[in-house]
1. Return a whole-number percent for the relative contact order of segment 123-238, with Cα pairs under 8 Å and 6 or more residues apart as the contact set.
2. Looking at Gly58, Asn93, Ala72, which one has the Cα that reaches farthest to the positive end of the dipole of segment 33-161 (charges on Cβ: Lys, Arg +1; Asp, Glu -1)?
3. Hull surface divided by four, with the convex hull built on the Cα atoms of the chain: how many nm²?
4. How high is the relative contact order of the chain, given as a whole-number percent (alpha carbon pairs under 8 Å, six or more residues apart)?
5. Ratio to report: Rg/Rh of segment 171-256, with Cα atoms as the point set and Rh obtained by the Kirkwood method; give two decimals.
6. At 18 Å minimum axial length over the Cα atoms and a Kyte-Doolittle cut of -0.5, report the qualifying DSSP H helices in the chain, or say none.
7. Stokes-Einstein D for segment 225-296 at 25 °C, 0.890 mPa s, Kirkwood Rh over Cα pairs, in µm²/s?
8. Rounding to the nearest 20 debye, state how big the charge dipole of the chain is about its Cα centre with +1 on each Lys and Arg Cβ and -1 on each Asp and Glu Cβ.
Amino acid sequence: MLFRRAILSAAFLAGAILAANAETITVYTSQPQDQMAAVIAAFNKDYPDIKVELFRSGTTEVMAKLQAEQVAGKSPADVVLIADTVAMTQLKNDGRLYALNDLPTEGIAPEVIDKDKTYFGTKLITTGIVYNTNLVKTPPRSWNDLLVPDVAKRLIMPSPLYSGAAVIHLGTMLQQPEFGWTYFKTLADNGAVAGQGNGTVIEAVARGEKAYGIIIEYMALNAKAKGSPVDFVFPKEGVSTITQPVAILKGTDALEAAKTFVKWQLSRTAQEQAASQGYFPVLEGVAPPAGYPKPSTLKVLPADSNAMLRDDKKNKETFADLYGG
């Protein structure tokens, strides 16, 4: 009997220690819910004692929630994993991000890391053109192909009022002298419409409600791989890109667990999982998804993130005037 009690006591003590060591972090993210469920499951294989709770929405809503919580004086968020560097730069400029100078970044493309180490790109995501293969016999090859009235009136794009990727795409295109507001005004005049996020675009094009869409590549290529009648074009002028950066918010009460999550996001395990979900990885030596071009062959449109942040409010207001919202 004494031996049995000793075993039970030891088991209880071990459980108590485990519970004491367990930590919970809350991640605010714009990454799709099903993907994040897989990410958390993979993370917990390596770190079972860290529980990850989630708030998921478009980047704009994530930022609005953080802003409201800041005004209220407290946010449950420990980690943010959102689409674009413009929103991250806003958080950095507001002094809300930890600098993580001790994070190992060997093999990570330096251009996706903030120079002050407050946020770290986790993927490379491009925006191009999706089309319905049942409705389109001559695929577009250029951004300018979308301006043709018969094409524009069958085009849908994500709204920067909802999507962080759309913020970057709009800001990038506006900085190109050959596009600018003239490009978006012509699309609107010829009948193009805006949905919410990229999800609304792929749904509309896959169902044949729209023949063309402006969209991030992995949603289109994932849908194609699952049998949807869609295909994706990297336009000849180049693509806009986002890096889905991750960062830790100051005020977290689980700093070490949050660091562990951010560090894991840059690991080979996480990068290979990202590639399996259809993303270009940022870690050297990890292969891109099957059928994707090598990242080094992508023609990327130049972009100034600070200028985008400066013009963000004006850009969204002008877009809303053209497309509603």
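1. On the way: 198 pairs, mean separation 53.1, N = 116.
Result for segment 123-238 is 46 percent.
2. With unit charges placed on the Cβ atoms, the residue in question is Gly58.
3. Numbers: hull surface 78.7 nm².
Quarter of the Cα hull surface area: 19.7 nm².
4. On the way: 565 pairs, mean separation 80.2, N = 325.
For the chain, the relative contact order is 25 percent.
5. Details: Rg = 17.0 Å, Rh = 15.6 Å.
Rg divided by Rh gives 1.09.
6. Details: long enough: 2-21 (28 Å, 1.43); 33-46 (20 Å, -0.06); 59-72 (20 Å, 0.01); 305-323 (25 Å, -1.27).
Taking the DSSP H segments of the chain (at least 18 Å long, mean hydropathy at least -0.5), we get 2-21, 33-46, 59-72.
7. Values: Rh = 14.7 Å.
Calculated translational D: 166 µm²/s.
8. Values: 32 positive and 33 negative charges, 104 e Å.
The dipole of the chain has a size of about 500 debye.
The values are calculated or read from the model by the stated rules, or taken from the named source; none is laboratory data. The structure presented is a predicted model; accordingly, all values stated were derived computationally and were not measured. So basically every Cβ, Gly included, is an ideal-geometry build from the backbone, and we count neighbours across all protein chains shown. Just so you know, the surface numbers come from the protein's heavy atoms only, side chains and all, with ligands and any DNA or RNA stripped out. Shrake-Rupley method; radii C 1.70, N 1.55, O 1.52, S 1.80 Å.
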